[in-house]
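Engineer: I'd like to ask some things about the structure below.
Bear in mind these aren't lab numbers, they're just calculated from the coordinates by the rules spelled out. Everything numeric here is computed off the predicted structure, so don't read it as measured data. Neighbour counts are summed over all protein chains in view; Cβ atoms, including those assigned to glycine, are modelled from backbone coordinates with ideal geometry.
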Amino acid sequence: MTQQRLPGDRSPAADVARMIRVDHAGEYGAKRIYQGQLAVLGRTDKAETIRHMQAQEQVHLDSFAAMIARRRVRPTALLPLWHIAGFALGAATAALGSRAAMACTVAVEEAIDEHYRAQTARLGEEEAALRDTIETFRAEELEHRDIGLANEAELAPAYRLLSAAIKAGCRIAIAASERV
């Protein structure tokens, strides 16, 4: 780790385990959001766009799942909750229309960008491979944000309110998944 540790701080290994745990949970939730969106919009002109983003999220999830196993990191106990909540969020926003589904994507990806950026800032050279992986995935998450914006996310009903609520939910999910 690049920062000096203080008494009571987690060990670098514990900090990395927390990162992997929460990133695995987040990618699982993202996969479920897109599954929920496809359940509603799967026969529309947005389906291929959503499938493209879902396929990238699956690669991210598979990568973090492999890290969980290889590094013997305990996954979050909240995965059953994220299974339901992710699908529900995706389906509910898609039910409001494709713009709301894209607004959901934009909000989630902006929260993840902030989260991944903070993680990479904490990773030193001893975790260069993890840092590079997170940076690669962060770039793809920003691509998803841009796709959402290009698909009129900002024209969704109550965009600012919807975006703020989803970002707040993401921050809560991140904090909970790191710990539980």
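Engineer: If R₀ is 41 angstrom, what is the calculated FRET efficiency for the pair residue 14 and residue 164, using the beta carbon separation as r and rounding to 0.05?
Structural biologist: 0.80
Engineer: Using a simple charge model, +1 on the beta-carbon of Lys and Arg, -1 on the beta-carbon of Asp and Glu, nothing else, what dipole does the chain show about its Cα centre, in debye to the nearest 20?
Structural biologist: The dipole of the chain has a size of about 720 debye.
Engineer: To the nearest 0.05, what FRET efficiency results for residue 81 and residue 4 with a Förster distance of 25 Å applied to their C-beta separation?
Structural biologist: Efficiency at R0 = 25 Å is approximately 0.10.
Engineer: Tell me, in nm to one decimal, what length is gained between residue 175 and residue 58 on full extension, where the rule is 0.36 nm per residue of separation less the Cα-Cα distance?
Structural biologist: 39.9 nm
Engineer: Further question: Please state the charge dipole magnitude for segment 1-74, taken about the Cα centre, from unit charges on C-beta atoms (+1 on K and R, -1 on D and E), reported in debye and rounded to the nearest 20.
Structural biologist: Around 320 debye, computed over segment 1-74.
Engineer: Next question, about the same structure. What distance in nm separates the two pseudo spin-label positions at residue 92 and residue 152, each 7 Å out from Cα along the beta-carbon direction?
Structural biologist: Result for the modelled spin labels: 2.4 nm.
Engineer: In a Gaussian network model over the chain where Cα atoms closer than 10 Å are linked, find which of 83, 60, 144 has the largest mean-square fluctuation.
Structural biologist: So, out of 83, 60, 144, the one fluctuating most is 83.
Engineer: Just to verify a number: FRET efficiency for residue 140 and residue 114, C-beta to C-beta distance, R0 = 22 Å, to 0.05?
Structural biologist: With R0 = 22 Å, the Cβ-Cβ based efficiency is 0.90.
Engineer: Mean shadow of the chain, computed from the convex hull of its alpha carbons, in nm²?
Structural biologist: Its Cα hull, projected and averaged over all orientations, spans 9.9 nm².
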